Amino acid sequence: MTEVTRTPLLPATRAEYCVIACAEAWRDAGEVLASPMGLIPSVGARLARLTFSPDLLLTDGEAMVVRPDGTTEGWLPYRQHLALVTSGRRHVMMGASQIDRYGNQNISCIGDWERPKRQLLGVRGAPVNTLNNPTSYWIPRHSRRVFVEKVDMVCGVGYDHAGAARHHRIPRVVSDLGVFDFATPDHAMRLASLHPGVTLEQVREATAFDLVVPDDVPPTREPTAAELRLIREVIDPANSRAREVGA
């Protein structure tokens, strides 16, 4: 019997570490609706569904529940979608034009909201997302313009404004430099892991507030060979992920 030899895999890229970091947001999530916004979060959600979160629900963003390849798996009427949202059974991964130490997110404007220097997307569904179901964030360009001391307008609600919202939770923030969470006594942002090749000094220089930094910061989890093959051969063979993170 002839043995099949496979081409050795090239080392994982920064983009692929970001995919893994996003996928981990949905680890063992059970039957919840994943709502990834952005290319790398979408690849991450599909990877999670194909590996360690097989019960994850994926949607086409309109009215269908879909399989990882995009084919229809079921119907998701708007009433059922809202039931998932308001009961905490959806996990969104959004973007952020600004985010602060307590996880407040801004996607509406830069500057005073009465006379903004720049108009952005608008508040949209961010308050409902963040108060009613877990919300993580994906930021492809980590900089002091994004990781700010105080957001110019609160769109996504952070821990210091959430009050007693039952389902409010920010599991993680993923950037092109590392992974961050809020596992601190006052829910201030903490550095959870560094992507390979990134230093603590780089992260601090690119962040406008003082991060909580543990004594020992681990590296972001490395993709397995099986995960890399899924990313490269099944989910994103065109390497579109490199458009968001080129390293």
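The values are calculated or read from the model by the stated rules, or taken from the named source; none is laboratory data. Only a predicted model underlies this, so the values are computations on that prediction, with no experimental measurement involved. Here the Cβ is made from the backbone with ideal geometry for all residues, glycine too, and neighbour counts use every protein chain on show. Heads up: the accessible areas ignore ligands, DNA and RNA and are worked out on the full protein's heavy atoms, side chains in. Shrake-Rupley method; radii C 1.70, N 1.55, O 1.52, S 1.80 Å.
Dividing the helix sum by the residues of the chain, where each DSSP H run of 4 or more adds -39500 (n - 2.57), gives a mean residue ellipticity at 222 nm of -5500 deg cm²/dmol. Under 1.5 on a/c is rounded, so check that first for the chain, then, if it is not, pick prolate when a/b is larger than b/c and oblate when it is not; a ≥ b ≥ c are the square roots of the alpha carbon gyration tensor eigenvalues. The shape class here is oblate. Based on C-alpha pairs under 8 angstrom that are at least 6 apart in sequence, region 1-112 has a relative contact order of 22 percent.
One chain, two ends: Asp186 and Glu62. Fully extended at 0.36 nm per residue, the span grows by 40.9 nm beyond their Cα-Cα distance. Contact order, relative form, for region 133-197: 33 percent (alpha carbon pairs under 8 Å, 6 or more residues apart, mean separation divided by residue count).
Solvent-accessible area assigned to carbon and sulfur over the chain amounts to 52 percent, based on a 1.4 Å probe. Distance between the pseudo-spin-label points of Trp75 and Ala165 (7 Å out from Cα toward the beta carbon): 3.2 nm.
Simple spin-label estimate for Asp28 and Ala208 gives 3.7 nm between the two label positions (7 Å along the Cα-to-Cβ direction from each Cα).
Excluding ligands, DNA and RNA, the accessible surface per residue across region 14-234 is 48 Å² with a 1.4 Å probe. Each Cα pair under 8 Å and six or more residues apart adds its separation to the average, and for region 14-234 the resulting relative contact order is 19 percent.
Each part gets one Cα centre, and for region 189-204 versus region 131-179 those centres are 17 Å apart.
According to the Kirkwood relation over distinct C-alpha pairs, the hydrodynamic radius of region 32-90 is 11.6 Å.
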